[in-house]
Amino acid sequence: MSIEIHNLKHVYHPGTPLETIALQGIDLSIHMKQWLTVVGHTGSGKSTLAQHLNALLFCQEGTIKVDSISLDPRSKQLRTVRQKVGLVFQYPEQQLFAETIYDEVAFAPRNWGVDPDTVAERVENALVRVGLNSSFYQRSPFHLSGGEKRRVAIASVLSANPDYLVLDEPTAGLDASGRKDLMGLLAGLREDGLGIVLITHDLELALACSEKILVLEHGRQLTYGTPENVIDSLLKRHVYGLLLPEVVQMSHELFLKGLDVPITGDEFLLAQVLIEKVRK
Amino acid sequence: MPEDVVFSLRDVYFKYPGSDEAALKGIDLEVQAGEWVALVGSNGSGKSTLARILNALLIPTQGACFILDMDSKESENIWAIRSKVAMVFQNPDNQIVASVVEDDTAFGPENLGLCPSDICEKVTWSLDATGLTEYRNKATYALSGGQKQRLAVAGALAMTPPVIVLDEPTAMLDPQGRKDLLNVLSELHMQGMTIVYISHRIEEILSCDRVIVMNEGNVSWDGTPRDLFEFGKGIEKWGLEVPPIVRLWSMLKNAGIISKEVQPTKDGVVHALCP
């Protein structure tokens, strides 16, 4: 069970003066219960990649398979793919439209033709997973805080029972506690078996929570590996638009100046090592 | 009121129609010309509402807001206020009006009635300042989220306003884009522009003169960024997060490894440890 991408290429407006190569030469695989983060500068192709994962866009070269189903505009299984891969767009709260939270979350399963009892079960389940109890059912989604709206938007994707969840900049505009809650929620979903694909600018977030990170630069795959691989590669070569977290930069600078410190994004570890060294 | 006061708010309340609770509850605030003020606070603390009060998009339901000595309650002042106070909103899609990048940037200066050569100059400068020069003739709908956000800032800068209010202008920018925008603002600040900058990201406020912390519709704290960081974890009660580098700085400072005078920045700490 995995999403396999091989040599993906996507060009917007091919053959016109507006022609733009958004992605090329992308190879990656995403498994269930795995957390992949895609980072890159604005315009690096992150959102274009996200839209390929649930067949909103189709590759012009290369292949994408979701659980062995080839994504092709003529495929008869696109519905299945769109159910398997839930996509949470940038600023998802702007897509809320129903009068009550219940109806909002029930929209997807009702649309798939699921029977009413199962709809009720799924809505309840999805809202529990995002931490909203039954007192929210009849409230209007428009009177919620920014963080709560985003939870409703995620619940309305979860109610389709996806195996993979793709989130495009889900923390944009959220405050510190909202960000923390959301990351905790995603970690819980991964524990439940979902494959998580997080799209973000935030390397600090990516390094803290992912098993694999894909770094895009101008539509090309620059690095694809573990957080440690990515730190190594970004220390060797500056990537347009991305900056390593300041704590990582600092540990690297101190290391280059001759202090024997680990290169890390963990400020507590770095402080501990520095305090021990200086005290000695 | 002295001429160098840009914003003067007296006991400002604001309540959205149909809402039970006021979004702003008695704000008293003065901002001087040339100040760079950061407005921080958690979601729902009233930051964006206050920003809209500062550009007369919202009028206080109680109390008074004077903008460059003009009362925002007087409808004849509204256009004069908005031509002086430019505003960049959170969501760039809501403020892009034209289909080509350069036309969109020119929209503000055109409406100010400037001559074509001036408009062209301002457009060139603001696209350069926001790193969009290569997109000048591109379609606005084809831009990425972060590029749209840069365009929204470019449109406001092209009006070369004396005052600019930015509501989370970096939410969708990559770290380099964020740094670039802060550099542009820092330059404009040196040239005397008054800046009100709203952000969740506390690490972005280090270059500001003054930080105002909003909490539940009130001003909870007002001072310099350096003084704010002296609170340490205390700022979490306002829904703010201490940046990792500042956490490291305060651990080293508390352990006596670096002196109190060291700045809470990467360069400050590195220099203190390895001069």
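Give me D for the stretch A:179-280 in µm² s⁻¹, whole number, from Stokes-Einstein with Rh from the Kirkwood sum over alpha-carbon pairs, 10 °C and 1.306 mPa s.
Stokes-Einstein gives a translational diffusion coefficient of 104 µm²/s.
Around B:V165, under 13 Å between beta carbons, what's the net of Lys plus Arg minus Asp minus Glu among the other residues?
Net local charge, B:V165 excluded: +1.
Could you work out the Kirkwood radius for chain A, taking every pair of different alpha carbons, averaging 1/r and inverting it, reported in Å?
20.2 Å
In nanometres, what is the gap between the two model label sites at B:Q191 and B:N111, each 7 Å from Cα along Cα-to-Cβ?
2.1 nm
Using a 7 Å offset from the Cα along the Cα-to-Cβ direction at both A:V278 and B:C120, what is the distance between the two label points in nm, to one decimal?
That separation, rounded to one decimal, is 5.8 nm.
Pull up the DSSP beta bridges for the protein assembly as shown and report the antiparallel fraction as a percent, rounded to 5.
50 percent
For chain B, what is the percent of antiparallel DSSP beta bridges, rounded to the nearest 5?
55 percent
Residues with amide H under 5 Å of B:M87's amide H, sequence separation 5 or more or different chain, H placed in the peptide plane at 1.01 Å from N; which?
B:V165
Name the residue farthest towards the positive end of the dipole of the protein assembly as shown from the options B:V31, B:L143, B:P244, assuming +1 on Cβ of Lys and Arg, -1 on Cβ of Asp and Glu, about the Cα centre.
Highest projection toward the positive end goes to B:P244.
Apply the a/c threshold of 1.5 to the C-alpha gyration tensor of the protein assembly as shown and tell me whether it is rounded, prolate or oblate.
Rounded, since a/c falls under 1.5.
I'd like to know which of B:M172, A:L216, B:S220 lies farthest towards the positive end of the charge dipole of the protein assembly as shown, counting +1 on Cβ of Lys and Arg and -1 on Cβ of Asp and Glu.
My answer, from the dipole projection, is A:L216.
For the residues B:M190, B:M251, what sequence is obtained by ranking on other C-beta atoms within 10 Å, fewest first?
B:M190, B:M251
Between A:S29 and B:D20, what is the spin-label point distance in nm, taking each point 7 Å from the Cα along the Cα→C-beta axis?
Each label point lies 7 Å from its Cα, and together they span 5.5 nm.
If every alpha-carbon in the stretch B:188-275 counts as one equal scatterer, what log10 I(q)/I(0) does Debye give at q = 0.18 1/Å?
Results for the stretch B:188-275 at q = 0.18 Å⁻¹ read -0.84.
Can you give the % of DSSP beta bridges in chain A that are antiparallel, to the nearest 5?
If we restrict to bridges inside chain A, about 50 percent are antiparallel.
Which of the lysines could a cross-linker span from B:K25 if the Cα-Cα distance has to be under 22 Å and same-chain partners fewer than 8 positions apart are dropped?
Leaving aside lysines fewer than 8 places away in the same chain, those within reach of B:K25 are B:K15, B:K47, B:K73, B:K237.
May I ask for the net charge around A:T20, where only other residues with Cβ less than 13 Å from the Cβ of A:T20 are counted and Lys, Arg are +1 while Asp, Glu are -1?
0
Divide the volume of the convex hull of the Cα atoms of chain B by its number of residues and quote the answer in cubic angstrom per residue.
With only Cα atoms used, chain B gives 145 Å³ per residue.
Using the count of nearby Cβ atoms within 10 Å as a rough guide to exposure, how do B:H271, A:H52 rank from fewest to most?
Starting with the residue having the fewest Cβ neighbours, the order is B:H271, A:H52.
How high is the FRET efficiency between B:E261 and B:D227 when r is their beta carbon distance and R₀ equals 22 Å, given to the nearest 0.05?
Efficiency, from the Cβ-Cβ distance: 0.95.
To the nearest 0.05, how large is the calculated FRET efficiency for B:Q62 and B:A98 if R₀ is 25 Å and r is the Cβ-Cβ distance?
Given R0 = 25 Å and the Cβ-Cβ separation, E is 0.05.
Beyond 22 Å between alpha-carbons counts as too far, so tell me which of A:K33/A:K236; A:K180/A:K212; A:K46/B:K138 fall in that bin.
Going by Cα-Cα distance, A:K33/A:K236 fall outside the 22 Å limit.
Once the other residues with Cβ under 13 Å from the Cβ of B:K148 are scored (Lys, Arg +1; Asp, Glu -1), what is the net sum?
Local net charge: -1.
Where does each of A:S29, A:S47 land when they are ranked from fewest to most other beta-carbon atoms within 10 angstrom?
A:S29, A:S47
Going by Cα centres, the stretch A:171-202 and the stretch A:245-265 are how many Å apart?
27 Å
Write down the radius of gyration of the stretch B:59-127 and its Dmax, each obtained from C-alpha positions, in Å.
Reported Rg and Dmax, both Å: 15.0, 44.
Efficiency by 1/(1 + (r/R0)^6): what FRET value for A:E124 and A:K180, r their Cβ-Cβ distance, R0 = 22 Å, to the nearest 0.05?
0.30
Bear in mind that the values in this text are calculations on the coordinates, not laboratory data. Note that this is a predicted model, so its numbers are computed, not measured. Please note: Cβ atoms are built from the backbone with ideal geometry, for glycine as well, and neighbour counts cover all protein chains shown.
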